[in-house]
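Trainee: Mind looking over this structure? Questions follow.
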Amino acid sequence: MKSKVNTTSRIYLDDYVLQKDMRIRMPKEIIKNLRIKPGESFFEIYLDLKRKEIILTVKEV
């Protein structure tokens, strides 16, 4: 695992490969810490082109 410099409140978890069917695996730490349920929880997806970042936020329903 590569070492990342944390300059914000972000927590680096791991690197993942984009699957051929466009899926990205979620680390188990996210499921535990955010109390989300696979197959039930929704995310809002944002794209920051300037920083080349994809941001996922848990959607409150």
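Trainee: Give the stretch 33-59 a look and list any residue that's in contact (Cβ under 8 Å) with a residue 12 or more places away in the chain and touching a Phe, Trp or Tyr at 6+ places or on another chain (Cβ under 7 Å), or say none.
Mentor: Result: 56, 57, 58, 59.
Trainee: Could you list all residues from the stretch 27-45 that are over 19 Å from residue 17 (Cα atoms) and touching a Leu at 6+ places or on another chain (Cβ under 9 Å)?
Mentor: 41, 43, 44
Trainee: Next question. I'd like to verify a number: residues in the stretch 17-41 that are surrounded by fewer than 10 Cβ atoms within 10 Å (Cβ to Cβ) and among the hydrophobic types (A, V, I, L, M, F, W, C), how many?
Mentor: Of the residues in the stretch 17-41, 3 are surrounded by fewer than 10 Cβ atoms within 10 Å (Cβ to Cβ) and among the hydrophobic types (A, V, I, L, M, F, W, C).
Trainee: Of (1) surrounded by 10 or more Cβ atoms within 10 Å (Cβ to Cβ); (2) at pLDDT below 90, residue 46 satisfies all except one. Which?
Mentor: Only one criterion is unmet by residue 46, namely (2).
The values are calculated or read from the model by the stated rules, or taken from the named source; none is laboratory data. Remember, it's a predicted structure, so these values are computed and weren't measured experimentally. Methodologically, a virtual Cβ is constructed for each residue, glycine included, from the backbone with ideal geometry; neighbour enumeration extends over all protein chains shown.
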